[in-house]
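The values are calculated or read from the model by the stated rules, or taken from the named source; none is laboratory data. Quick caveat, the model's predicted, so the values are computed rather than measured. Here the Cβ positions follow ideal geometry from the backbone for every residue, glycine too, while neighbour counts run over all protein chains shown.
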Ligand SMILES: [Zn+2]
Ligand SMILES: [Zn+2]
């Protein structure tokens, strides 16, 4: 039933925080090589990236310079996991996410973490 599936998938995409917005929030290493700034190798692990395997972390501004960081999926998972850990533990922890990620941000992070575990 094509009439049913189209609106339903559109609604799923609209729920919560879009993945690109979460990716744009992941912290980058303090030191980045030129190749990393250009998104030609993984920004976290220096691994060469093929176009399909690369995750775009969004354009960022670094010391007034525009950089285009990309990363491999395992590194993206790891970065998202540490953001989730900060989000859900410690004195400023999100009260909704202490047991499992359930606020919109926690759920979006969880989605990004699972991206690398396909
Ligand atoms: Zn990597
Ligand atoms: Zn939360």
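Here are some notes:
- Residue 107 out of contact with any helix residue (DSSP H, G or I) (no Cβ under 7 Å at 6 or more places or on another chain), in contact (Cβ under 8 Å) with a residue 60 or more places away in the chain, assigned to a helix (DSSP H, G or I) and more than 16 Å from ligand 1 (Cβ to nearest atom): yes
- Number of positions in the stretch 67-88 that are out of contact with any helix residue (DSSP H, G or I) (no Cβ under 9 Å at 6 or more places or on another chain) and more than 9 Å from ligand 1 (Cβ to nearest atom): 3
- Test result for residue 71, more than 16 Å from residue 29 (Cα to Cα), at pLDDT 90 or above and more than 16 Å from ligand 2 (Cβ to nearest atom): no
- One residue alone among 22, 83, 43, 112 is buried (at least 16 other Cβ atoms within 10 Å of the Cβ) and part of a loop (DSSP other than H, G, I, E, B), and that residue is 43.
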